[in-house]
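Just below is one structure, and these are the notes that go with it.
FYI, it's all coordinate maths here, none of it is from the lab. Everything numeric in this text was worked out from a predicted model, so none of it was measured. Neighbour counts run over all protein chains shown; Cβ positions are idealised from the backbone, glycine included.
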Amino acid sequence: SNGINGSDGINRSDGINGSYGINRSDGINRSYGINGSYGINWSDGINGSYGILNSFGVDCALFFANKLRTYSIFGIDVDEGRFNAVQGNLFNYLDGWKPTFNNLKELYVKSGGEWEKTPIQKAAEISKIEAWKDMPKVAIEYIKSLPEYDAKMFTEITGIE
């Protein structure tokens, strides 16, 4: 990558300033989570777009400005306060737990906790059911208690019935 200033997580991208998580993108300024996009300024979560200003969560757009951030739970629009309250409670119940979709941590531990000795060639994908199976039960119960809860969507995402 070229022309990078005060930015992190940049891959095959040019002209990046004060931005994070950029991949195959050019002309990015004070923006985050940009992928395959160009001419992005003061925006977050942009994908496959061009000429985006002051926007959030934009996908496949040309010359777009001032798209407000939206919040949803199971596809139901909620206000920022509701979203933040649910997210805070969920993260509290998760207590740092996250699904894992590969066996790298297991290989790392078996190799004595040294990446140099970890057999990366043995890395393998883990099914979504396996990845989500150890989700804390208290978190699952909290999710199921939400008025926005959608059992079909939850199962589709996690494999948890």
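Summary of values
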item: Net dipole in debye of the range 45-122 [+1 Lys, Arg Cβ; -1 Asp, Glu Cβ; about Cα centre; nearest 20]; result: 200
item: Cut-off under 5 Å, modelled amide H: who pairs with Ile73 long-range; result: Val78
item: Cα gyration tensor, the range 35-149 - rounded (a/c under 1.5), prolate or oblate; result: oblate
item: Shape of the range 59-106, Cα gyration tensor, a/c cut at 1.5; result: oblate
item: Gain on full stretching of the segment that runs from Lys137 to Asp77 - 0.36 nm per residue minus C-alpha separation; result: 19.0 nm
item: Estimated distance in nm for a label pair at Glu125 and Asn92, the labels positioned 7 Å out from Cα along Cα-to-Cβ; result: 3.7
